[in-house]
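A short reminder: the numbers here are calculations on the coordinates, not readings from a lab. Computed from a predicted model, the values in this text were never measured in an experiment. Cβ placement follows ideal geometry from the backbone for every residue including glycine, while neighbour counts extend to all protein chains displayed.
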Amino acid sequence: MIVRILGEGQYDVADSSLDELNRLDAEVEAAVDADDDVAFTPALAALLDGVRAVGTAHDVDSLDSSDLILPPADATIAEVRELLTDEGLIPG
Amino acid sequence: MSIMKRMSLIFRSKANKALDKAEDPRETLDYSYQRQLDLLTKVRRGVADVATSRKRVELQVNQLEQQQAKLQGQAEKALGVGREDLAREALTRKSGLAQQIGDLKTQHAQLQGEEEKLTLAQQRLQAKVESFRTRKETIKATYTAAEAQTKIGEAMSGIGEEMGDVGMAMQRAEDKTAAMQARAGAIDELLASGALDDVSQSGGGDDIARELDALSSTSDVEAELARMKGLSAPEQPAALEGQPASGDILDEQPQTQARPAGEQS
């Protein structure tokens, strides 16, 4: 499957890695739900590092859409919330 | 639903909505391509803007570092002529500048990071726009409007996602740069006003420099006077000091006292 890290590009990730990434994703989600900045930053970093570790860069000139889209590495909780609403995104 | 999945769905629906404008799906391709070229132009301009801000901060760091070196020199000079108070003042100002320089260097690193990110985003978008152009021509040449629908949907979805990503990266870079530009503007004003003792005001118009100039011209005069006295009036030290303790001077004294007497007679 293809995972995009916003601001960074697309990665090919094997389906077998999904369980691990889901576990990391759950930690990010918990931090966002609890509005816990202290937990959020390392949780997001761990999730993105996980994607970078198991993934390989997807062809840069492909027009494939991603299966999963992740926030940029320096995102804040507020920005993640914005990404999850209908406001705040500039679609080009 | 997980964050990843929610975000993906929302992001994609927004990206697609932004591109879904034309009635004939093949017109959508041209419309979208135009939007892509516009965005590429914007990103290039964005990279240039961030680079300009970065260079401005670089220039400010250089100016402040020159000022720092100048204050260091002034402190040494002041200490050399025994004015510890002036030296202290110069060093105090220097440490104030060190903080400013530290802040500016942090900003510089951030701007450099944004510039690199945007440059990479531009390259990714450029590669995809090029692919899209090729795909667009193929689709228009090969398929009827009805058949093209699916193919177009695929191409649009991929490029829409990239455009959404790049658009967001631009927005973030602009926000960060705007905040820093406000601070850079404030520092430029300070430098221009001379409050930071801008070295570009040549001649060293600040008060420490003035006092040191006054001091050094005084001490230059004294040194010159002493030199001239030493040459033309060798008897003067003896007359002033009365009974010097130094052996050298004692050795010379008999001669200096004897000679005037000899010359006068």
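Points to keep in mind about this one:
- Rounded to 0.05, the FRET efficiency of the residue B:188 and residue A:26 pair, given R0 = 45 Å and the Cβ-Cβ distance, is 0.40.
- Scoring A:14-22, B:47-55 by mean Cβ neighbours within 10 Å over their residues and listing the highest first yields B:47-55, A:14-22.
- When you count the other C-beta atoms within 10 angstrom of each residue and take the mean per peptide, A:62-68, A:74-80 line up highest first as A:62-68, A:74-80.
- Inter-chain Cβ neighbour count for B:165-175, averaged per residue, equals 5 (cutoff 10 Å, partner chain atoms only).
- Normalised by the number of residues in chain A, the mean separation of alpha-carbon contacts (under 8 Å, six or more apart) gives a relative contact order of 40 percent.
- Estimated inter-spin distance, residue A:35 and residue B:228, nm [label 7 Å along Cα→Cβ]: 8.1 nm
- Antiparallel content of DSSP bridges confined to chain A, in %, to 5: 65 percent
- Using the rule -39500 (n - 2.57) for each DSSP H run of four or more residues, divided by the residues of chain A, the 222 nm mean residue ellipticity is -14500 deg cm²/dmol.
- Close amide H contacts of residue A:70 (hydrogens built in the peptide plane, cut-off under 5 Å, sequence separation of 5 or more or a different chain): A:4, A:5, A:6.
- Residue-span extension gain [residue A:57 to residue A:1] - 0.36 nm each, minus C-alpha spacing: 19.0 nm
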